[in-house]
Amino acid sequence: MLGVTPPISTDPPKESDVKSSEALMADLVSLNQFESEQERKVRERLLSNIAQLVSKFVHDVSIKSGMSEKVASEAGGRIYTSGSYRLGVHGPGSDIDTICVCPRHIYKEHFFGEFQDMLRAWPAVTEISAVPSAFVPVMKTVISGVEVDLLFARVNLAEAGDKLDIEKDEILRGVDDASQRSLNGPRVTDMILNLVPDVATFRTALRTIRLWAKKRGIYSNVLGFPGGVAWALLTARICQLYPTAAPATIVGKFFPIYYQWGWPQPVILKKIENGPSNMQHSVWNPKLDRRDMAHRMPVITPAYPSMCSTHNITASTMSIIKKEMLRAMQITDEILKNPGSSWIGLFEKADFFSMYKTYVHVVASASTSEGIKDWSGMVESRIRTLVQDLENTDNILTAHPQVGGISNVFLCLTDEEQAAASQGELTPEVMNRKEEDLGDKEYKKIYTKNFFIGLEIEKKPKDGQGSRVLNLFYPSKKFCAACQNWDKYNEMEMSVILRPAKRSDLPPYCFPDGVPKSKKKTKRAQQNGSADVGMGEGIEEHGQGPSKRSKATPSDESGPQLGAVAESADRAAQSSDFTDPAASSSVNPTLPNGVPVPNGADPTPSISGVKNGVTPDIQPPPGLEGVPPPSKISMSHFATAANGVAGPGEKNTEGLVVLNGPSS
């Protein structure tokens, strides 16, 4: 038995279930959710090159440390993948989370020193951003157009070669906290694959859930929604409860089960264990830890040390998730009543800016393109705390953070325009200004990232007496102070400001045609915030910009003119979510559009005009002459389940992901 309870049903799929699953996969194909053969080969080539580079890195550092050639050659150095790529639910343009596991004589300083230098010498590497002080130290890179996040883990062993088994809990003995967090990425991912009854069915269902969550704006751990790991765990539990079901059935059961779930009853895939003796890693236990007791929707990782993957969920985001699950449940019920009907309605993108009448607008700005990346990321990481403070503010029932944010670049001719850009007060003329319009005039670029929080406001009293004042003084002051306390904050180069806004006063870039949709007053709309909330009283805009920028004068008192229009890469990325369906044993080997589905692996449609089997030329890192290619065992550690999986004891000549069965 997989899971902590017996399955609800072991009935085989009906013909209608198979038909619905075929329709689901056909829709996912039509939504361009599959990685092409060419993209797959690029990723595999890159990972093989990185594996060789890590091996060379460990060897070179070992020699410098005075070790013999024999010992240095045996020191190893291996890479593992985790997240969506390892699970086989990635798609076109998605990144790869890669963990570099090194023996005990290799330190973080070597990784961010010598190894980073080796990466910079590789012509295929076009971007590197190293964050050694992060909670999980990482080097974010772009290699041949593929985003690769490189994490470091140091194990307490003399060698880290093919015999290394990171699935055993003993691997965590003597490692530091950062290495433990890095190692648990692939440990959790692989355990999920081992704890589901059918990997192909699980992957199809998970791809569907991921696409739905992204389209509906509820996929973001940092903002208080479930992230990739949490959605995977939730899907895996339904697969355990219906071990023989078709993918469409898993999706159909997902929404009603979790909509009615008895939260804070945790979702777990296996019994929580305390780990080997004399290990002090903290394990999720609400009976002993009051912080664990406060988790609203606990979804627990199966690998030791078990942790809550949804600890960021707030009262507001929990309410929003449940509303979205209710909507999805109603839609999937209708789809399953008509086998073979389209699933496209499930993936309709949420129209965030029509949901509420009142919003909070946060503008983070910086004077450089590099500066805005780190600064806006830090500001975004504080949004969840702001949401919690807004929840505790009088008259606010729900604070709904928008996922993704909107990025803009403005061309400013004067200090006043720079100030207006950083505070969301630009005129339409400046908002639409382009470089070709300026000729020889000197200008300065201001980079901004805009975040929005929709507010559901308490209804007026029945007697209609008394005014409702939306007082954001405390939460806005606290939020801006927290942002400005960042150790890299530079008041001459960065600023952050927070302000309330009615929907009619939102900046044009929030709407496809530049203006908000006209909306009739409905009962629901009135519940989501009324236009007569007194936003002009008890509110101050908070934020300190560069001292050389003077504050622009608002155009009127009732609603400030906000923001600017430029390119919004974030919204574009958000609208092009990816998901690849996997094949199920209960589904025909060919999709309705003729795309083949071999043995639980993904169909791999060809890029138009490019023949399958032709791999784009990728220049390998310099200095790899004499470094052997990765072994099949090593390849299985960084392979993706999208290529299929091998069972325990099976001959694995392709270097596929190997399933070892559920661990005890």
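The values are calculated or read from the model by the stated rules, or taken from the named source; none is laboratory data. What you see is a predicted model, and the numbers here were worked out from it, not measured in a lab. As a convention, Cβ positions derive from the backbone with ideal geometry for all residues, glycine included, and neighbour counts pool all protein chains shown. Surface areas here come from the heavy atoms of the whole protein model, side chains and all, with no ligands, DNA or RNA. Shrake-Rupley method; radii C 1.70, N 1.55, O 1.52, S 1.80 Å.
Among the residues of region 632-664, those identified as touching a Gly at 6+ places or on another chain (Cβ under 7 Å), surrounded by 14 or more Cβ atoms within 10 Å (Cβ to Cβ) and part of a loop (DSSP other than H, G, I, E, B) are Ala639, Thr640, Gly644, Leu656, Leu659.
Residues in region 291-344 that are out of contact with any helix residue (DSSP H, G or I) (no Cβ under 9 Å at 6 or more places or on another chain) and of a type in the set (Gly, Ala, Ser): Ala294, Ser306, Ser319. If we scan region 479-501, do we find a residue that is under 24 Å from Met355 (Cβ atoms), of a type in the set (Ser, Thr, Tyr), open to solvent by less than 20 Å² (accessible area, probe 1.4 Å) and within 26 Å of the chain's Cα centre (by Cα)? Scanning region 479-501 turns up no residue that is under 24 Å from Met355 (Cβ atoms), of a type in the set (Ser, Thr, Tyr), open to solvent by less than 20 Å² (accessible area, probe 1.4 Å) and within 26 Å of the chain's Cα centre (by Cα). Scanning region 400-417 for residues that are under 32 Å from the mean Cα position of the chain (by Cα), on the phi < 0 side of the Ramachandran plot and not hydroxyl-bearing (Ser, Thr, Tyr) yields a count of 9.
Restricting region 383-399 to residues that are surrounded by 23 or more Cβ atoms within 10 Å (Cβ to Cβ) and assigned to a strand (DSSP E or B), the residue that is nearest to the chain's Cα centre (by Cα) is Ala399. When the strands (runs of 3 or more DSSP E) confined to region 69-152 are screened for residues that are of a type outside the set (Gly, Ala, Ser) and in contact (Cβ under 8 Å) with a residue 40 or more places away in the chain, those reaching at least 3 such residues are found at 78-82, 96-102. Number of residues in region 11-56 that are outside any helix (DSSP H, G or I) and crowded, with 20+ Cβ neighbours inside 10 Å: the value is 4. Taking the criterion of being part of a loop (DSSP other than H, G, I, E, B), within 19 Å of the chain's Cα centre (by Cα) and of a type in the set (D, E, K, R), the only residue of region 193-218 that qualifies is Arg216.
When Lys287 is tested against (1) more than 30 Å from Ser179 (Cβ to Cβ); (2) in a loop (DSSP other than H, G, I, E, B); (3) among the charged types (D, E, K, R), just one condition goes unmet, and that condition is (1).
Here Ala328 meets the list (1) small (Gly, Ala, Ser); (2) in contact with a Lys or Arg (Cβ under 6 Å, 6 or more places away or on another chain); (3) under 30 Å from Glu22 (Cα atoms) almost entirely, failing just condition (2). Considering the conditions (1) in a helix (DSSP H, G or I); (2) closer than 19 Å to Ser220 by Cα; (3) touching a strand residue (DSSP E or B) at 6+ places or on another chain (Cβ under 8 Å); (4) open to solvent by 10 Å² or more (accessible area, probe 1.4 Å), Ser407 is excluded by exactly one of them, (1). Considering Pro266, Pro276, the condition of being at pLDDT below 95 and under 26 Å from Met1 (Cα atoms) is satisfied by Pro276 alone. Scanning region 69-84 for residues that are open to solvent by 30 Å² or more (accessible area, probe 1.4 Å) and small (Gly, Ala, Ser) turns up at least one hit.
With open to solvent by less than 40 Å² (accessible area, probe 1.4 Å), within 23 Å of Arg43 (Cβ to Cβ) and touching a residue at least 60 places away in the same chain (Cβ under 8 Å) as the only criterion, which of Leu223, Leu164, Leu172, Leu195 stands out?
From the options Leu223, Leu164, Leu172, Leu195, the qualifying one is Leu164.
Restricting the search to region 445-467, which residues are in a loop (DSSP other than H, G, I, E, B), closer than 26 Å to Val387 by Cα and of a type in the set (D, E, K, R)? Scanning region 445-467 gives Glu458, Lys459, Lys460. Against the list (1) in contact with a His (Cβ under 8 Å, 6 or more places away or on another chain); (2) in contact (Cβ under 8 Å) with a residue 24 or more places away in the chain, the condition Val58 fails is (1). Of all the residues in region 88-104, those that are crowded, with 18+ Cβ neighbours inside 10 Å and more than 25 Å from the chain's Cα centre (by Cα) number 2. Of all residues in region 418-444, those that are under 17 Å from Met494 (Cβ atoms) and in a helix (DSSP H, G or I) total 5. Here Ile335 fulfils each of the conditions (1) assigned to a helix (DSSP H, G or I); (2) closer than 30 Å to Ser129 by Cα; (3) of a type in the set (Val, Ile, Thr); (4) open to solvent by less than 40 Å² (accessible area, probe 1.4 Å) apart from (2). Is it the case that Ile8 is surrounded by fewer than 18 Cβ atoms within 10 Å (Cβ to Cβ), without any contact (Cβ under 8 Å) to a residue 60 or more places away in the chain, β-branched (Val, Ile, Thr) and touching a helix residue (DSSP H, G or I) at 6+ places or on another chain (Cβ under 6 Å)? So Ile8 fails the test. Within region 483-495, residues that are within 18 Å of Ile446 (Cα to Cα) have Cβ atoms under 7 Å from residues that are of a type in the set (Phe, Trp, Tyr) and surrounded by 16 or more Cβ atoms within 10 Å (Cβ to Cβ) in these pairs: Met494/Trp375, counting only partners at least 6 apart in sequence or on another chain.
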